[in-house]
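As structure tokens, the structure follows; a few thoughts come after it.
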Amino acid sequence: MTPMRGTTLMPSTDNTIARTLHDLGLAAWFGGSLMGATGVNGAAAVVQDPSQRLRVANSGWARWTPLNLAGIAAHVAGGAVLTGANKGRLAGQEGVAAASAVKTALTVAALGTTAYARVLGRKLERAGDVPVEGGTTPNPATPDEVTRAQRQLSVLQWAIPALTGAVLVVNARMGEQQRPAQVTKGLVRRLLPGR
């Protein structure tokens, strides 16, 4: 009887599930943050009653948060599996470790930015029905604490898609590094510096 692929006798080298989790999670994180900055916060700004605008924005973000968390978790879990599966390339192929380090730094920055944005979002949820211009835009009657949180969020709402978009760019570069010609070139350069 021949061992089946994926059993403990013959481990699978197919990372389709990990890549799917990694890529779909990142796509959700990037796309959701971009849509929220433009769609959710923009929609809140057109609500007639200024004291209800923050409630609309907060409601939209609160509904998105569990899905965003799932996307982030999928991205991180998929990335961990892919890192383990490519540890030989990380050590042996020139440029892969550097790209991985950049990607990790961007991901950590995006995680921190997203977490801080959520802390500020919770602060806005607790503020109640205060008058604002939009989800991240205060008006002259907005309380100072809410104004500060909104101003910080107005920066973070663009920082998150910028960071996750940069991770997408690094992913594209890392995908190119897996092409056979790139693998060979990277291994030769690691073994024979100066070539």
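The values are calculated or read from the model by the stated rules, or taken from the named source; none is laboratory data. Here the structure is a predicted model, which is why all the values come from computation and not from measurement. So basically every Cβ, Gly included, is an ideal-geometry build from the backbone, and we count neighbours across all protein chains shown. Heads up: the accessible areas ignore ligands, DNA and RNA and are worked out on the full protein's heavy atoms, side chains in. Shrake-Rupley method; radii C 1.70, N 1.55, O 1.52, S 1.80 Å.
Details
- Counting the residues of the stretch 136-155 that are assigned to a loop (DSSP other than H, G, I, E, B) and open to solvent by 40 Å² or more (accessible area, probe 1.4 Å) gives 3.
- Scan of the stretch 86-132 for residues that are over 19 Å from the mean Cα position of the chain (by Cα) and of a type in the set (A, V, I, L, M), ordered by number: 90, 91, 96, 97, 98, 124, 127, 130, 132
- Scan the stretch 144-195 for residues that are at pLDDT 85 or above, among the polar types (S, T, N, Q) and more than 25 Å from residue 28 (Cα to Cα) and the total you get is 1.
- Within the stretch 89-105, residues that are surrounded by fewer than 16 Cβ atoms within 10 Å (Cβ to Cβ) sit with their Cβ atoms under 8 Å from residues that are charged (D, E, K, R) and assigned to a helix (DSSP H, G or I), at 6+ positions apart or across chains, in these pairs: 92/190.
- Among the residues of the stretch 41-74, those identified as without any contact (Cβ under 8 Å) to a residue 12 or more places away in the chain, assigned to a helix (DSSP H, G or I) and surrounded by fewer than 13 Cβ atoms within 10 Å (Cβ to Cβ) are 63, 66.
- Tally of residues being open to solvent by 50 Å² or more (accessible area, probe 1.4 Å) and touching a residue at least 12 places away in the same chain (Cβ under 8 Å) across the stretch 106-118: 3
- Matching residues in the stretch 75-84 - criterion: being open to solvent by 60 Å² or more (accessible area, probe 1.4 Å) and among the aliphatic types (A, V, I, L, M): 76, 80, 81
- Single match in 59, 33 (criterion: farther than 26 Å from residue 176 by Cβ and within 23 Å of the chain's Cα centre (by Cα)): 59
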